[in-house]
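Working notes, beginning with the structure itself.
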Amino acid sequence: MKYIKYLMLFFILIACSLIGKYLSKKYVERLKELEEMKNALNIFESKIKYTYDPIPEIFDEISKNNNKNTSKIFKLAKEKMKEKTANIAWEEALEEAQTNLKKEDKYVLKSLSKLLGRTDVEGQVSSIEITQKFLEEQIKEALEEKRKNEKLYSKLGTTIGLAIIIILC
């Protein structure tokens, strides 16, 4: 009977630690996604400037060469462009894709949609550049949050697990 009790307490500690690790990983994943989105926008900008490929083709190429969450956004946007305009497709894809991005991040990325597919090459390139500048600020914020919260949640999960064990003993 005692062994079962100790085994259960051990599993409680492991579960709480894993929950803490899971919560801390969200900060790391958000930062990765923002950096990958910035790289994807660089590719997008270059393709628009130099190849004059249609936006759906560019989005398809980006979706094949990126992280799974970031590529989902571009793939969804490409699929939606079959029925909708580029700006609406981009906004809907940002909302529907399951990512670790915050509302503020999505808001910054939605600013790209205002001129997407509506203006000439220079207008779209300037829109991408503005979005990238705002995205850099979001990356700095995400890096700071990661520094603050990654260790906090990891240790907090273990500490809560130990507290539960102490209370139950």
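Remarks
- Summed residue charge, Cβ within 13 Å of GLU61's Cβ, Lys/Arg positive, Asp/Glu negative: +1
- Summed side-chain charge close to GLU92 - residues other than GLU92 whose Cβ falls under 11 Å, Lys, Arg +1, Asp, Glu -1: -2
- When peptides 67-74, 146-153, 7-14 are ranked by their average number of other Cβ atoms within 10 Å per residue, the highest-first order is 67-74, 146-153, 7-14.
- Rh (Kirkwood; distinct C-alpha pairs) - the range 33-79, Å: 10.3
- Basic side chains Lys and Arg get +1 at the Cβ, acidic Asp and Glu get -1 at the Cβ, and with that the dipole of the chain about its Cα centre reaches some 1040 debye.
- Relative to its Kirkwood radius, the Cα radius of gyration of the chain gives an Rg/Rh of 1.18.
- Net charge over other residues, Cβ less than 10 angstrom from the Cβ of LYS106 (K, R count +1; D, E count -1): -1
- Spatial offset of the range 55-120 relative to the range 1-38 amounts to 31 Å, using the alpha carbon center of each.
- Contact order normalised by residue count of the chain, Cα under 8 Å, 6+ apart, percent: 37
- Between 0 and 90°, nearest 10: helix 86-96 axis offset from the chain longest Cα axis: 10
- Scoring 48-55, 129-136, 87-94 by mean Cβ neighbours within 10 Å over their residues and listing the highest first yields 87-94, 129-136, 48-55.
- Dipole of the range 1-152, positive end: most advanced residue of VAL108, ALA142, MET1 [Cβ charges, Cα centre]: MET1
Quick note: the coordinates plus some simple rules give every number you see, no bench work behind them. Remember, it's a predicted structure, so these values are computed and weren't measured experimentally. As a convention, Cβ positions derive from the backbone with ideal geometry for all residues, glycine included, and neighbour counts pool all protein chains shown.
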